[in-house]
Amino acid sequence: MPRRLQQCACRYGNHVNGPPPPQACKMEVLLEVEPELEEAELLQEVDEKEEEEEGGEDEGLSELRELEETLSRVRIAPSAPHLLVQKAEVDQSEWPVSYRQNSTQEKLLLAMADSFRCQYAHLYPDRKPLLLCPVNESGVQKFVSTTLRPTLLPYPELYHWQGCASFVSDFLSLEPLDPPVDPPNKLRSPTWVLRTQRGTCFEFSTLLCSLLLGAGYNAYCVSGYAVKEMCLLNQSRQECPLLKTQVKEKLEEQKQDVRKYSVKPPRDLQSSFEHRQEEKRQEDTRIALLSKQKEAQRLQEERERPSPDPLLGLRVHCWVLVLSGNREVPENFFIDPLAGRSYPTTSEKFLGIESIWNHQNYWVNMQDCRFGCAEMTYDLADPVKWEYLLCGSNQSILLIPDMKKQQEAEKEEDEETEEPKVFEMPPSWVSKIHISQEDMESRCPGGAKLIQYRKATVEKFAPYLLKDGLVTRLTTYDDLECTQPNTVREWYKHRHDHLDERELKKATNVTVEQFRPGRSYALKCHRYITLVPETERQMDFYSHARADGLASRVETPSEMTETFIDRPDFLHYRHVTYGKRVRACGLGEIPNNPEQVQRPIQKVVERFHRDPSKAASEDVAEREFLLSEDRIQVTYHREEDRIIPAWRNFIKPHDAGDSQNTNAFTPQMASIFQVDPFKKPCKNLFLYETLMALMKEEENVLMRIKDSEKEVRAILAARQQEESGIELQISIYNTARNEKARCHREALERLAKEELLRKEEKELDVLAPFLAQLGDPESLTQQQALQLRADCLAELKQRLIDRANLIQGRFEKETQELQQKQQWYQKNQLTMTKEDEEAYLAYCSDAMFRINILKLRLSRHKDRAPQKYLALDEKLRRDPRLAHHLW
Amino acid sequence: MNRLFDTAAPSVIDEKMLQKAVEEQGPQGQAGRLAKKEGIQYNEVIQLCLELRNILKIGHLWEFTSLTKLQLNNNIIEKIQGLEKLTNLVWLDLSFNNIEVIEGLDSLVKLQNLSLFNNRISVIENMDTLENLQIVSIGNNLISQLDNVIYLRKFKELYTLNLAGNPICQEENYKIFVAAYLSDLVYLDYRLLDEQTREKAGVDYQYALEEMRLNELQEQKEMEAQKITEQELQLHKDAFVELLNGPHLFDSMFADDADAPKLACLPGVTTLLDSYKTQLVALCMQMFEAGLTQHARRQNEVESFFSCSREAVADNQQKAAQIAADFERSRRQVIAEMQKATDTRLLEAQASKYSDEISQLCDTLMTLELQLVDQLEDIIKDFERNISDLVGGFTEYIQGIFAQCRDLENHHHEKLLEIAVATLDRVAKNELEEDLPDDVRMLFVDKDTLINAVSASHDTHLLKIDNREDELMMRINSWMSALIKSIQDEEVKRNRKRISEIHNYVDYVKDQLEEILLEEHQ
């Protein structure tokens, strides 16, 4: 309400020196003007004056502006070379009326805003003019709050601020402000921005704020000042957000149980003096190292530090403020719409705030921003800190218990009570924001975007844009100039081979591939250097999806280690050691195919978890098959209170596998250790049986290992094949891309169209015979058309009359016949037999029925005939061939 | 039963038969030879088959304690006996015999598969303990009452039942009856029980079944409720304050007091008693609450001690086990090297070095153990002190309350005496309005009788209170000493076991070394 500013004028009156300038009088005049009156000329005048004043103010900055201009010439193009896709500019006539004109309410609002600005400019001549009523794309002044159009779009990702912010930052490309120290005088609607995919930071913020308000956030556009990097979307000095490792602070909830009885550590018998000396020495070296590091870091920072910005604190920027409260937002925070990132309100990158607004009101900051925004409070109901434009819009105003002020305000308050009508912000003039499915999917202009970060670049691609399904590529570099790549991380989507992420370390040439669940062999992660079998690699699996519970398999040329999870036989570890491959074939042949010559297995170690159903001394903990030495070593689990496990070591009898009689078992072949000295020693029979079982087990294990090797080769072959012919998966619900679904839909559409055509054909063309008479001319002359119409109507008239005549004739005939029959009956009434009489009566009732029907038909025909005539007339008028002749 | 070999003489299970059967059915080939050389122990035999041997009476099987499968089919056994020791039996086949009564199976709790096919049994009974039964074959018998099937309901895991060839199979609704009452049954009489039969059974016997289920459910609930109350009582007993959460003490004080009901008739005594009771019950409740909280604290203390001591032991064990495992690994290498070595002098040098290592290992392990013993001793002492403090505090508190109880009783006694004397006066003056019963009137013959009666009542009450107190004190003290003693005993046992383990291992290692040296010398 302007009334409040007047109040402010009194409040701050002592700051204004000298008599009130003429503008103040004008302001008073303006205040007395009834708001309903559209005093356009008056406004014009004020506007002009304002502009003049602005011009004066601007002179002070002209120097700076020049400097900036020179700078902008030197400046390298914005770090993100957006693929600017200029969409066809829409011609003005297509815009809705609200874009081209102001409603009464809006005009009133503009008037109020203008008076507000006048007072503001008067009271704070040294502050920058506010951005209140910039012109929109068709050159009409619009109040900034009405440019916000709260919209909730039907995309789940746009329901959270993260999704909205990243969408806005991805979807639009930036037009830097020109000059960078003034707010723009043009603010185009979000719909325009969405169509062209370009905008200034103010337009970015307006769109983002609209989306956030629609999603229920308590969001505001903020007009203020920020650092150069932020204004120009230069992120090359920032860490890449993708690189930030999510350090999951595992707050290990230390069980705060009473460790009352924890034992004392054993006495330390070392000299504490020596210990201390040693510690001191270590500390010294550590400090030296640390200081050296610090020094290096400092130097590094110095090198990286940008040249100081001459326009620091003057660069205008617009961003979004989200206040806590709604949507479970715990704390106020800023969102920079250009980068789509959030910052705490204390961030030092934001240097000042002029004003903020949402779709309901506009507030001017009254707090000191000389030292950035860190100390600001966002209690918008506090009129000392925030000067509002519209009174009473949902914010309750705190009454400040200041007697003096109250006394001064009393007079105004009296008046205020007289007019309880509160002016509300008019509805948004922007038409509904719509984002198409394709836009949502392609996101970036042209579907691709490159962002430069500190020592890293990120490339984003729309899904299905690239043949190999790449959506994001993050390249990190060793140096600031980004010439020596360190790591390349790529994220994929919709890959048929379920590849999700690939990381290539340039230094070691190690590739790590992550897969989504659903692959054959349940492969989860694959770390390798080359895809050749029997080289170094690690494969992780989704163990729960595998029958054998395999979790990982690590290979080196001479070893293979497999780990398992949740197996019913409690096996959790298997380690295979290979020997040198014995070349079985002759010297000339080189065994290209590794399947032909197996590497000889030297040793297999298997470890088992404890099986609670067995006694510990009978539950195998480790089996070692020393194939090269023909020995088998079995170690059992330790009993609960023991430190030494039991074991049984066997030497395999020779000729095993032949008939069992040949291999005699002797007690010397087994060496055993029993933990419990009082237990009876094992019987030879038992040992023999154990050995036999183990030998059988050995064969099984060897089979398993062969299977594993085969599996590795199969996986590698499959990977190679998949990489050579990459296929993308298309969901059956994706109607735009799924070929089958599209065909189906198109077939349906075609069928429907054909059906329609057939229907149209079925409708008789009344004009056809007459056109035929004329020799089917391509186009008709006026006269011909009239002639045709007349003919048509005459024909119909004739037909209708004919029909009426026909019915009439029938009717007459029937009545005549009936009369004759009646006469005949009256004549022969006496001589008639009973049957004849009955026949006569039956005939009579029949005839009466027929006559009735005919009568009905005739009357109905008479009723309908004019209607039909008129209908045909109408149809002829509508007929495209005659239409323009007859109207 | 009609037997083809009826004429053959019935035989008895004897040593010879068993020996032969065991040898025939034991391991074959190489294993068999080994087994024969070592001799087969009857208590290690897992399976035994004694079919078609015309056995009349079961006997001499008590030695086969680990037997899991026993086949005695196709004999002429008339009575099930002599199987009591075979507690590991899982499979018992007694088909084709002449058994008339099911009996003597009570100790075979692990039994899963029982065959009594083709016998002369008429009632299914005496199998209450066989809860693990899964397969029961009792066809071709003389079972004529359908109700026998209901007995089988208690076997929750039963899924196969054979009743074919019994008189009950003639009954019209036999199959449906069985299906209704044994709803978990899968196979009946060699066939899968189909869904239709089940459904029909469910419909036909709906009411009977529901009633039965209801009864069973109720029983179960009652059992559970009883269990809960028992648990609660046990908790109170553990806290040594059982039955103090109510007027139980008061009631017991007056239960054994013959004079009390008489005195209660005096005017004004009822109100006195009421207030006395409420006060006493309040005190009891105080004790009860204190008992429970103190119990929780003691429990906490004990748990904390045990967790810490367990952790310490586990830590130490882990360390020792790691050392032992490392040593064992290196030992195996050394042994292998020594076996390969040819030079005697080198070997001896190696051996001496190795034996040094052994003694070093022994020392390390022993040091670790001693360290643990010291540590544990410390915390056991701490624990002892703390727990005795806790118990002392509790007993003091309880004693205080019991003193209050006694004061209360004394107070009550005085009041009662006053009333009694006053009443006596009035009786003497014949001013008494109320009519007193005759036996009460008897008390008022003279003053001595009256005072005697009142003090006797008082003494009884005091005695009860004292008894309760003594009981509590005694039990809590004995609990404490038992706990401490068990902890100390455990520790000693653990220590001995560890030391013997270490010695055992070291001896074994030394023996191995000597063996190698001996071989080498030869």
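The values are calculated or read from the model by the stated rules, or taken from the named source; none is laboratory data. Source: prediction; values computed, not measured. All Cβ positions, glycine included, derive from the backbone under ideal geometry; neighbour counts span all protein chains shown. Remember, those area values only see protein heavy atoms, side chains included, never the ligands or the DNA or RNA. Shrake-Rupley method; radii C 1.70, N 1.55, O 1.52, S 1.80 Å.
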**Item:** Rough spin-label spacing in nm, given labels placed 7 Å along Cα→Cβ, for B:ILE46 and B:ARG191
**Value:** 3.7
**Request:** Give the distance, in whole Å, between the Cα centre of region A:670-688 and the Cα centre of region A:536-585.
**Result:** 32
**Request:** Take the alpha carbon atoms of region A:420-469, find their center, do the same for region B:100-115, and report the distance between the two centers in whole angstrom.
**Result:** 79
**Asked** lysines within cross-link reach of A:LYS107: Cα-Cα under 18 Å, excluding same-chain residues under 8 positions apart?
**Response** A:LYS142, A:LYS186, A:LYS421
**Message:** Quick check: residue separation of B:LYS237 and B:ARG475 times 0.36 nm, minus the Cα distance between them. What number comes out in nm?
**Reply:** 84.7 nm
**Asked** region A:703-751 to region A:105-134: how many Å between their Cα centroids?
**Response** 62
**Asked** Which whole-number percent gives the relative contact order of region B:44-133, counting Cα pairs below 8 Å spaced six or more residues apart?
**Response** 24
**Asked** Where the accessible area of region A:668-719 is counted over protein heavy atoms with a 1.4 Å probe, how much of it, in %, is carbon and sulfur?
**Response** 59
**Message:** Suppose the chain between A:GLU778 and A:ARG581 were pulled fully straight at 0.36 nm per residue; how much longer would it get relative to their current alpha carbon spacing?
**Reply:** 61.9 nm
**Prompt:** What residues of region A:545-576 lie in the reach of a label at A:TYR521, counting those whose backbone N is under 11 Å from a point 7 Å from the Cα along Cα→Cβ?
**Reply:** A:553
**Prompt:** Assuming R0 = 45 Å, what is the FRET efficiency of A:VAL512 and A:SER138, from their Cβ-Cβ distance, to the nearest 0.05?
**Reply:** 0.25
**Request:** Quick one: what are the phi-derived ³J(HN,Hα) couplings along region B:94-111, Karplus 6.51/-1.76/1.60 with θ = phi - 60°, whole Hz, x for glycine and proline?
**Result:** 10, 6, 6, 10, 10, 6, 10, 10, 7, 6, x, 10, 4, 8, 8, 5, 8, 4
**Prompt:** Can you give the calculated 222 nm mean residue ellipticity of the protein assembly as shown, where each DSSP H run of n ≥ 4 adds -39,500 (n - 2.57) and the sum is split over every residue, rounded to the nearest 500 deg cm²/dmol?
**Reply:** -16500 deg cm²/dmol
**Request:** Give me the lysines in straight-line cross-link reach of B:LYS277: C-alpha distance below 26 Å, same-chain residues under 8 apart excluded.
**Result:** B:LYS237, B:LYS262, B:LYS415, B:LYS464
**Asked** Given H placed on each backbone N at 1.01 Å, which residues far from A:TYR225 in sequence or on other chains put an amide H within less than 5 Å of it?
**Response** A:HIS317, A:LEU351, A:GLY352, A:ILE353, A:GLU354
**Prompt:** Which residues in region A:697-723 place their backbone N less than 14 Å from a point set 7 Å from the Cα of B:ARG33 along the Cα-to-Cβ direction?
**Reply:** none
**Asked** Rounded to the nearest 10 Å², what accessible area does B:PHE394 show when all protein chains are kept and the probe is 1.4 Å?
**Response** 0
**Request:** Would you please classify the overall shape of region A:807-853 from the alpha carbon gyration tensor, given that a ≥ b ≥ c denote the square roots of the eigenvalues, rounded means a/c under 1.5, and beyond that prolate means a/b larger than b/c while oblate covers the rest?
**Result:** oblate
**Prompt:** Over all residues in B:26-32, what is the mean tally of Cβ atoms on other chains that come within 10 Å of each residue's Cβ?
**Reply:** 4
**Prompt:** Taking Cα pairs under 8 Å and at least six residues apart, what relative contact order does chain B come out at, in percent?
**Reply:** 8
**Request:** Over region B:371-502, with every protein chain in place, what whole percent of the accessible area is carbon and sulfur at 1.4 Å, could you tell me?
**Result:** 51
**Prompt:** Other chains' Cβ within 10 Å of A:634-644 residues: what's the mean?
**Reply:** 5
**Fill in**
Bridge orientation stat for the protein assembly as shown from DSSP, antiparallel percent rounded to 5, came to 85
**Request:** Across region B:5-151, how many lysine pairs, 8 or more positions apart or on different chains, have C-alpha atoms separated by under 26 Å? Please give the number.
**Result:** 24
**Fill in**
In nanometres, the difference between 0.36 nm per residue of separation and the alpha-carbon distance of B:ARG406 and B:ASP389 is 3.6 nm
**Fill in**
trypsin sites (Lys or Arg not before Pro) in region B:391-472 lying in a DSSP loop, each with at most 12 other Cβ atoms within 10 Å of its Cβ, come to B:LYS429
**Virtual paramagnetic centre 7 Å along Cα→Cβ of A:ALA718, amide N under 11 Å, in region A:511-534** = A:518-524
**Request:** Using label points projected 7 Å from each Cα along Cα→Cβ, tell me how many nm separate B:ALA341 and B:ASN430, to one decimal.
**Result:** 12.3
